[in-house]
Amino acid sequence: MANSSHSLNNFIKSFLKDTGLPFKEYRSHPLAGDGSKRSFIRIIPSHNGKTYVVMENFPSNERLAKENLAYLMINKHLYKKSLPVPEIYRFDLTYGWFIIEDMGDRSLQDYALNNNDRMELYEKTIDILFQFQIEGARDFNTDWCCQTKIYDKSVMRRNEADYFRDSFLSNYLEMRMDWRELDGQFGYLSSIASEADNEFLLHRDFQSRNIMVNKNQPGILDWQAARLGPLSYDLASILIDPYVGLSDKEKRHLYLQYLSLIKGYKPAWIEPFERYFPYLAIQRNLQILGAFSFLSKVQGKTYFAAYITPALISLYRLLDELADPGLSYLKDLVSSLVTEDQSSPNPV
């Protein structure tokens, strides 16, 4: 470990020296992580205000090695498209080291919870999302992907619906039941959701903690799980994001803004977008509950537990609004887990 730390120090010093900055001594401090095991530090080479972020994700197995390569290659692709991702200045895939542009400390979550004018920034974020999905898909090489090349029915079942069942219902809530009827409804849900065109670039974790705010402009983080997928998913992700809790009025405003972007680009996409949006939103909500349950109970990151109830309420409202008889068992199950007050609309 000491040798690794020493090597990282040399890696940083070499970069600073080549950049023409003071390199013999520099200040540094760790940055808070989130759901992943990656570590981040900010390096401050001088007093001129220029800072950098170092990410370390040691490739101890093949999965992490593929993740680091995806992080690098997808970033290069997005940066070339002039999308607001941080520039990668230097990297070493052997050790999983990256020196990247510092996007600041303020996330969209922090901004949204502490500012009354948050819609302006959300509107900018929605514009960027549409560019990400359309321009990002052009010339995108699926060989860069570290998980699956596309978001398809297998991902919906294994990484979302089954994740919800196993991590949230069985493990977090300790509900020991025969889930055959629920599994049938998951099959129904994924069969409809998977009919949506998956020719767009999907971020897959487009939420307020992965969007940074610098000089009132949004920037995107955590792009390494990107793959091809449907338009609706990432929009659903940012709208139902439990970290912020947008009101129904705010969600509707942003949804209509997104529809106007589709209309201005290719109106024929509007009908399928609206048809599949609620099903993909439910899929995303299942994933959120599975992830928060796993992170809080298995990985010991208990602060995620605070967002489980808001995510559960969101799932209930999505199912209630869709009112699809094919999902009646899932709706009744979720309804039994929320109170009457929790299930009421949030119009503010």
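The values are calculated or read from the model by the stated rules, or taken from the named source; none is laboratory data. All values reported here derive from a predicted model rather than from experimental measurement. Cβ atoms come from the backbone with ideal geometry, glycine included; neighbour counts cover every protein chain shown.
See the values below:
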{"quantity": "Contacts under 9 angstrom Cβ, first residue in the range 72-99 being more than 14 Å from PHE11 (Cα to Cα) and in the same structural domain as ILE220 (by TED's automatic domain parsing), partner at pLDDT below 95 and among the basic types (Lys, Arg), 6 or more apart", "calculated": "none"}
{"quantity": "Checking ARG90 against (1) under 30 Å from LEU256 (Cβ atoms); (2) of a type outside the set (Phe, Trp, Tyr); (3) more than 21 Å from the chain's Cα centre (by Cα), the condition it does not meet", "calculated": "(1)"}
{"quantity": "Residues of the range 138-152 satisfying the condition of being more than 9 Å from ARG227 (Cβ to Cβ) and loosely packed, with under 15 Cβ neighbours inside 10 Å", "calculated": "ARG138, ASP139, ASN141, ASP143"}
{"quantity": "Set ARG165, ARG209, ARG204, ARG157: member being in contact (Cβ under 8 Å) with a residue 12 or more places away in the chain, at positive phi and basic (Lys, Arg)", "calculated": "ARG204"}
{"quantity": "Search result, residues across the range 165-201 that are touching a Phe, Trp or Tyr at 6+ places or on another chain (Cβ under 7 Å) and either among the aliphatic types (A, V, I, L, M) or not in a loop (DSSP other than H, G, I, E, B) (or both)", "calculated": "ARG165, SER167, GLU181, LEU182, GLN185, LEU189, ILE192, ALA193, ALA196, LEU201"}
{"quantity": "Residue check, ASP105 assigned to a loop (DSSP other than H, G, I, E, B) and among the charged types (D, E, K, R)", "calculated": "yes"}
{"quantity": "Failed item, numbered, when SER237 is tested on (1) among the polar types (S, T, N, Q); (2) at pLDDT below 95; (3) buried (at least 20 other Cβ atoms within 10 Å of the Cβ)", "calculated": "(2)"}
